[in-house]
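This structure is in structure tokens; I'll ask about it shortly.
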Amino acid sequence: MKSSLLDLLVLFLDKISLVTNFKLFSMPEQAQGDSHYQDSSFFKRGDLLEVPRTLFVHFGIYLGNDKVAHLMPDILPAISDDQYLTGKVVTNKRLILGVLAKVASIRVDTVQDFAYGGSIIVNHMDKSFTTKPLSNEEVAQRAEKLVGATSYSLLWDNCEHFVTYCRYGFPVSFQTDKFCEIVKRIIRDQRSVIISAASGLVLTFCLGLDPSTTLPCLLITFTLWMAS
């Protein structure tokens, strides 16, 4: 039963990522002149690679010889020591379960496996930093030293933090900043209070006046009202 519910959750999240076109975690304003590649002959060792996805942008560091180091949420290394299995391309199911369990690894894959069918943008993030990137060789060596199991947080310790630490010397995530800004705008918007209050009334009407439903709705509505 538990396995079936977990499979349904993974399938639901997977379908959302396929049908939605809202790039919640995308990088701000990519310039029209950015070059998209899929051929590794265009890359230099130490280049920062990014692949725009539907909901987010995935990042990696090119190591040369058609290899990319990138941080991937993955549940399999936490439950299996079989290097043959864990070395295979991370599927959506493994990734989603890794996000939920907050486990990940910095792994080395081919450019093709890293891109997962998408186009690759090279060193686009250089435009977002006032400091110059480290030398390409130092960037690659930093990435290589970090390969292996690592901590993970969707907002505070993700693939973008990994590559910015390697290339610029300190970890930052513009995707996290954008998400937090969106959350702040939602909280400050008084319409959120109205929606929360209306949802509470609907739940109370459907489920009855019960503390388990009424108190959380009142608390959320009050918190949004005070924060707006």
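Sorting Asp126, Asp74, Asp177 by accessible area (1.4 Å probe), largest first, what list results?
Ranked from most to least accessible, the order is Asp177, Asp126, Asp74.
Sticking with this one: Ranked from the most accessible area to the least, with a 1.4 Å probe and all protein chains present, what is the order of Leu100, Leu49?
Reading off the accessible areas and sorting them downward yields Leu100, Leu49.
For Arg167, Arg53, give the ranking by accessible area with the largest first, probe 1.4 Å.
Numbers: Arg167 10, Arg53 55 Å².
From most exposed to least exposed: Arg53, Arg167.
Let me ask you something else. With just the Cα atoms of the stretch 82-190, tell me how far they stretch along each of the three principal axes, in Å, largest first.
Principal extents (largest minus smallest coordinate, Cα): 52, 36, 26 Å.
Right, here's the next one. In the full protein assembly as shown, how much of Thr131 is accessible to a 1.4 Å probe, in Å² to the nearest 10?
Rounded to the nearest 10, the figure is 70 Å².
What's the Cα-based Rg to Rh of the stretch 51-129, Rh via Kirkwood?
Numbers: Rg = 13.2 Å, Rh = 13.4 Å.
Checking Rg against Rh, the ratio lands at 0.98.
The values are calculated or read from the model by the stated rules, or taken from the named source; none is laboratory data. Source: prediction; values computed, not measured. Surface areas here come from the heavy atoms of the whole protein model, side chains and all, with no ligands, DNA or RNA. Shrake-Rupley method; radii C 1.70, N 1.55, O 1.52, S 1.80 Å.
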